[in-house]
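The values are calculated or read from the model by the stated rules, or taken from the named source; none is laboratory data. In this text, all values refer to a predicted model and were calculated from it rather than measured experimentally. Cβ coordinates were reconstructed from backbone atoms using ideal geometry, including for glycine residues, and neighbour counts include every protein chain displayed.
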Amino acid sequence: MEMYFLAGALAVAVIGAGWDVVTYRIPNALTYTAMLIGLLSHVVLEHWVGLYRGPAGLLLGGGIFLILYLLRTMGAGDVKLMAAVGAFAGPSRIIEIALYSAIAGGIFALAVAIFKGRLRQTFRNLLDLLQFHSAVGAEVHPTLNLENPEALRFAYGVAIFAGTLVEFVNYVR
């Protein structure tokens, strides 16, 4: 049964990534509908256990990325997409999906920095960001955030899709 939940998570991630690539937005209609279907699927197929697994996956998926949103390093649509994926995947799988997505996001960020000719500046920014957060704590950096129009951006939904795909393939093997 877990494969069906992962297949649902993968379907949501594919749609979210495609939408993100085309529009740089992930619509609420997709994420909220997927959250509801994921939660209901767990309850219908797993009964009492589903009352825990669906919501726990949703909260973990969204919660992990909520921190990045609050630091203005990720958009709200990405957080909601991860929560929707978590509503399907459940708590144990969403942690792995989040880790794989973070790795994919780092690789994509490096690729964008190289493509845009800003790799050196990206590493300087990373060092500045690490020093800022170690000195100040969990506050939004004054210039290294999504509100800065010069910040490099990419469709993070693709990284969420990649992380979900890796988890699905690992499960199928």
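Before we move on, is Pro142 modelled with pLDDT under 75, assigned to a loop (DSSP other than H, G, I, E, B), more than 23 Å from the chain's Cα centre (by Cα) and more than 14 Å from Leu68 (Cβ to Cβ)? Spelling it out, Pro142 is indeed modelled with pLDDT under 75, assigned to a loop (DSSP other than H, G, I, E, B), more than 23 Å from the chain's Cα centre (by Cα) and more than 14 Å from Leu68 (Cβ to Cβ). Please find, within segment 79-129, the residue that is surrounded by the most Cβ atoms within 10 Å (Cβ to Cβ) out of those that are hydroxyl-bearing (Ser, Thr, Tyr) and more than 17 Å from Val14 (Cα to Cα). Ranking the qualifying residues of segment 79-129, first place goes to Thr122. Applying the set (1) part of a helix (DSSP H, G or I); (2) touching a Leu at 6+ places or on another chain (Cβ under 7 Å); (3) β-branched (Val, Ile, Thr) to Val22 leaves exactly one unmet item: (2).
For Ile64, the test of being in contact with a helix residue (DSSP H, G or I) (Cβ under 9 Å, 6 or more places away or on another chain), closer than 20 Å to Val12 by Cβ and either modelled with pLDDT of 95 or more or among the aliphatic types (A, V, I, L, M) (or both) is passed. Scan segment 65-76 and tell me whether some residue there is more than 16 Å from Gly157 (Cα to Cα), buried (at least 17 other Cβ atoms within 10 Å of the Cβ) and polar (S, T, N, Q). No: segment 65-76 contains no residue that is more than 16 Å from Gly157 (Cα to Cα), buried (at least 17 other Cβ atoms within 10 Å of the Cβ) and polar (S, T, N, Q). Taken together, the residues in segment 15-36 that are hydrophobic (A, V, I, L, M, F, W, C) and exposed (fewer than 15 other Cβ atoms within 10 Å of the Cβ) amount to 4.
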